[in-house]
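The values are calculated or read from the model by the stated rules, or taken from the named source; none is laboratory data. Small disclaimer: the values here were computed from a predicted structure and weren't measured. We place every Cβ from the backbone using ideal geometry, glycine too, and count neighbours over all the protein chains shown. With ligands, DNA and RNA removed, areas are computed over all heavy atoms of the protein, side chains included. Shrake-Rupley method; radii C 1.70, N 1.55, O 1.52, S 1.80 Å.
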Amino acid sequence: MTSQVLLHPDDNLTQDDTDMWASLMDQVKIGDSRQAKEIEVAPKPTFCVKTKDKDGNKIFLNICTTDSIPEPKKKTVEDLVKMLESEEEMLAADYRIPMSIGEAPHAEVDKKGQGCSVHDIAINPNYVKTLKDEPAFMNFFLQVVFEGLTAKFNIELEWDWIILKNRSHVGRIKPHMIRTYKKPVIQEVEKPAENKKPVKKTTKPTQPAPKPDYIVLQEPIEGTPNYLIIEIMLPDIESSSKLTLDVGEDRLTLHAHPAKYFLDIELPYDVIPLESGAQFDTSAHMLTVALMTTCV
């Protein structure tokens with residue numbers, strides 16, 4: 001039985017549990033800058049948008065792709081319309097488009113020999129099909145891009161744009177620096193013998209990778225949480241060396257090798273992947289993951 005109930009971390013905990021959670025919280029608060037690194041990528045051009053700023057100057061947007069940027073959550077047009085019509089901030093915050101906006105615009109010359117300014121925007125390649133198939137997503141995407149350019153470069157763009165038919169980009173695409181995250185390091189712990197809890201081992205899995213039992217807790221319980229705590233029961237796992245944990249802004253995945261367990265869940269709140277900690281209790285066969293939310 002899997003569950004995703006938000007509980008308070010102080011409910012029905014032993015002293016060992018409290019100490020472990022305090023240790024995890026400290027680990028999350030401190031963070032680990034070694035988990036993040038920047039890599040240089042060369043985005044591939046896909047299509048080009050022509051617009052202008054408030055002063056009438058021509059602006060071109062090179063929409064490029066790179067696998068180094070994650071794909072947005074899957075949404076239907078109905079989901080998008082509901083989100084745009086809703087006044088609830090949580091719905092809007094639930095949908096983000098990961099992208100990279102170039103560090104600076106580059107000056108180019110258009111086909112008429114006139115000067116123009118070009119911005120390079122990189123997204124996940126799979127998202128391009130969604131944009132081309134659904135005009136609603138294209139409009140929403142460009143609105144987000146326009147707002148991003150305004151925030152980053154203090155420019156105002158006219159909502160009067162066209163996609164060039166026979167030109168995928170203007171000028172030379174500049175490299176982008178993309179921040180990537182290493183997988184969280186799982187610390188292995190073992191409780192004293194007197195505190196060990198009996199764990200019933202499961203029989204040999206009848207499917208390649210069954211979904212383990214898990215529970216999601218929040219701290220504090222009132223209002224928006226600062227932290228999420230995820231407890232995952234792994235009865236057949238003896239060591240953290242068999243585990244591969246990945247944490248994204250809105251998703252957590254866990255592989256227990258070889259094909260013991262597989263867990264892929266959407267988190268109830270967005271988190272900061274860099275600020276994460278994990279411990280595997282070898283006696284209780286439980287993995288505990290602590291995540292700092294973006295609400296902090």
Review point. Residue by residue, what Karplus-based ³J(HN,Hα) values in Hz, rounded to whole numbers, does region 167-173 have, using 6.51, -1.76 and 1.60 with θ = phi - 60° and x for Gly and Pro?
Key: 8, 7, 6, 10, x, 9, 5
Check your understanding: Taking the Cα centre of each part, how many Å lie between region 115-137 and region 148-175?
Key -> 10
Check your understanding: What residues from region 103-131 fall in the zone where the backbone N is under 11 Å from a label point 7 Å along the Cα-to-C-beta line of Asn166?
Key -> none
**Study point:** Solvent-accessible area per residue, Å², over region 44-149 with all protein chains present [probe radius 1.4 Å]
**Key:** 53
Revision key, fill the gap. With a 1.4 angstrom probe the carbon and sulfur portion of accessible area for region 219-296, in percent, totals 49
Check your understanding: For labels at Met177 and Asn139 in the simple 7 Å Cα→Cβ model, what's the distance in nm?
Key -> 3.7
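For region 92-149, would you read off the P(r) tail past 20 Å as a percentage of all alpha carbon pairs?
37
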Revision key, fill the gap. Sorted by chain and then number, the residues having a modelled amide H within less than 5 Å of the amide H of Ile155, at least 5 places away or on another chain, are Thr150
**Study point:** Förster radius 41 Å - calculated FRET efficiency between Glu249 and Lys111 (Cβ-Cβ, nearest 0.05)
**Key:** 0.55
Point to revise | Under Karplus coefficients 6.51, -1.76 and 1.60, residue-wise ³J(HN,Hα) of region 104-120 in Hz, glycine/proline x | key: 7, x, 10, 7, 9, 10, 7, 5, 8, x, 9, x, 8, 10, 10, 10, 9
Practice item. Using a 1.4 angstrom probe, figure out how much accessible area region 228-296 has per residue, in square angstrom, rounded to the nearest whole. Key: 32
